[in-house]
Amino acid sequence: MSARWLWLACGAMTFLAGASAEVRAAADAGTQSVFAQGAGNRAIGMGGAFVAAADDASAVLWNPAGLGLVTRAEVQGVQSMDLGLGMVESYAAVALPSWRWGTAALSLRRFTVDDIEQRDERNVLVADNLQDQEIEATLGYGRAMGAAWNLGGSVKLQHQSLAGFSGSGLGIDLGVSARPAAVLGLSDAWAQGLSWGIGLRNIVAPSIRLDRESVPDPTALRTGLAWQSIGSTGRGLLAEIDLSRAPGASPRVHAGLEYTIHPAAALRFGVNDGTLTAGAGLRWRDLAFEYAFENAPLSATHRAGLTLHFGQTTEASRLAHLHSEDEAIDRRLAEAFQEQQAERVAQLLARAREARASGDPDEALVQIALAQTLEPNLPEATALEIACLGDKAAGLERSGDFAAAALIWKRALDAAPGDSAAQAGFARARLGSDERARRSVERRVRFAHAMDAFTAQDWNAASDSLRALVREDRSDSEAVAMLARAESAIARRASEQAEQMARARQIAPASPQTPAPAHASPPRPKLSDREAEEFYQRGLEAQSAQRSDEAVRYWELVWAARPDYREVASNLKREYLARGMELFASGRLDDAMVEWQRVLRVDPTDARARGYLARAEAQRARSREILGPQR
């Protein structure tokens, strides 16, 4: 903040002080109580010009609508020196904000005058140690109504006791504050710092009766306009001018400045109806020392106080609540996803049993492969797979295809190395293949190596070995058949790799983290908090109503603009995984893999999607190897 602006502001305040001193009435005839002026050293140091800028616990006294701007719980305490004629003030307030419910505040003020003399009708001194005590307890509430308006109100109880007499009265205050830029839709930078407020004090006036007559504390109105500017370094200026009016009194002008020279230090100057004020604030972590001076007509007054902030900010509390909600939703959706996956696996295994019972081990193995892709290392699936492999291998033996039978028995042994039936079947099929082809010992070893390579999916090595065997003896029909299978597997793998690359290119839109080429159109503007939350919630509602496609559309809108918003990435990944699982279980493997690749677009490190894709590729290759080229 430049010194030029500071000098201009100080000059304006000096002018207002002189002008207000001439236009105000000489006195207000004592119509207002000692509580007519609010409390809090920040506001007092600014000349009582605080109705628009009020945003701390003292707002309950100046303008309860300002409580809606309190962002963190705080406690204030102020003690005055002699305010003149022996009067002393004590003040304390606490404000407890909630991002959801608004801010509640409680304040307690106490004025005392000691050593008051009491004389009779003859002016004879009766007592010289009387005390006058006035107490005001205020309970207030304020709430932000969107970005533009704040509303608030307070209920207060005033009590006075003097020379054995006492009385109490109940009053109500109301307040409104607003940001003109938000109300009028102004986008100019200077307008963003404007705020306006109005406070109606004693809209229900408390009336206290000590002896015979009740004395009301009259209704008063205060309104003001403030402007605040905060720089990137934390330095800033707050300026406000207020006008107050009470029945039987002339309008009063209040003006004040707060210059923040450092995030931990501030200076304040003000004019309170012609009376100069000043103050300072020093802050260390959550504790602030506040001082206020007022050059009052009776005597110069001093007030010292402390303000303690504690707890989270309202924004941090809101984010913590949203995070807690997201975690609860995430747990519920994860449980539903696991249940859905378990149901799909159970359905696939049931189909496999039905296919085996009907004498179709090939179809049974396909369903088992699908189940193992979704849920690997499932003992039930492994046991069923071994049984189906045994059925398949036995059928190949009966048809005389001993090489293929040996391959299937080897798969069964890989799944269950200790299975005696698979060991015997593998040895039997190998022997049958060798005897049928009348291979020499050396050719048997080479053929066995080729089969081992084929089983390990090293089809290039298998193809090379088998091709050499076929060149040496073209009558070895099993070597010829296995060579055809190896070459078919090589061609199929190349085709599948090309398909994967094509699918990866077709997935859209591109990740928002990927830099756009220079010739690309500019990125669309980000969603506002309100728009992002609206679309996010619509996605949750659609998901709860089992409208998965609609939920994905809403969440994709949010993710494309704000990929880190709440749990939108997690929700999208789960929906892509579930959709892929549904497609996979129905046999649409390519479409399922597209959905799982979309998961990796959102999160390239997602282990589930990577596992699904890897197992899908492996199971597809394995199934085609076992079932033959026709699959």
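Laid out as a table, the results:
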{"quantity": "Dipole-positive endmost among V470, N460, N377 within the stretch 339-478 (Cβ charges, Cα centre)", "calculated": "V470"}
{"quantity": "Accessible surface, per residue, of the stretch 446-490 when the full set of protein chains is kept, probe 1.4 Å, Å²", "calculated": "44"}
{"quantity": "Dipole magnitude (debye, nearest 20) for the stretch 364-426, charges at Cβ of Lys, Arg, Asp, Glu", "calculated": "160"}
{"quantity": "Cα centroid separation - the stretch 463-488 against the stretch 62-101, whole Å", "calculated": "93"}
{"quantity": "Fraction of accessible area attributable to carbon and sulfur, the stretch 330-469 (%, probe 1.4 Å)", "calculated": "52"}
{"quantity": "Neighbourhood net charge (9 Å Cβ-Cβ; Lys/Arg +1, Asp/Glu -1) for E136", "calculated": "+2"}
{"quantity": "The stretch 153-260: trypsin sites (Lys or Arg not before Pro) in DSSP coil with no more than 12 other Cβ atoms inside 10 Å", "calculated": "R212"}
{"quantity": "Mean Cβ count within 10 Å, highest first, over the residues of peptides 425-431, 44-50", "calculated": "44-50, 425-431"}
{"quantity": "Exposure of E89 as accessible area (Å², to 10), given a probe of 1.4 Å and all protein chains", "calculated": "10"}
{"quantity": "Protein accessible area in the stretch 123-222, 1.4 Å probe - carbon and sulfur %", "calculated": "62"}
{"quantity": "Accessible area per residue, Å², the stretch 285-374 with all protein chains present, probe 1.4 Å", "calculated": "52"}
{"quantity": "Vicinal HN-Hα couplings computed from phi for the stretch 311-327 (Karplus, 6.51 cos²θ - 1.76 cosθ + 1.60; Hz; Gly/Pro x)", "calculated": "x, 7, 6, 4, 5, 5, 5, 5, 5, 5, 5, 4, 5, 5, 4, 5, 5"}
{"quantity": "F337, F269, reordered so the largest accessible area comes first (probe 1.4 Å)", "calculated": "F269, F337"}
{"quantity": "Accessible-area value, H449, 1.4 Å probe, nucleic acids and ligands omitted, Å²", "calculated": "110"}
{"quantity": "Local net charge near C388, Cβ-Cβ under 9 Å (Lys/Arg +1, Asp/Glu -1)", "calculated": "-1"}
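The values are calculated or read from the model by the stated rules, or taken from the named source; none is laboratory data. All values derive from a computational prediction rather than experimental measurement. Glycine also receives a Cβ, built like all others from the backbone with ideal geometry; neighbour counts cover every protein chain displayed. Each accessible area value is taken on the protein alone, full model and side chains, heavy atoms only, with ligands, DNA and RNA left out. Shrake-Rupley method; radii C 1.70, N 1.55, O 1.52, S 1.80 Å.
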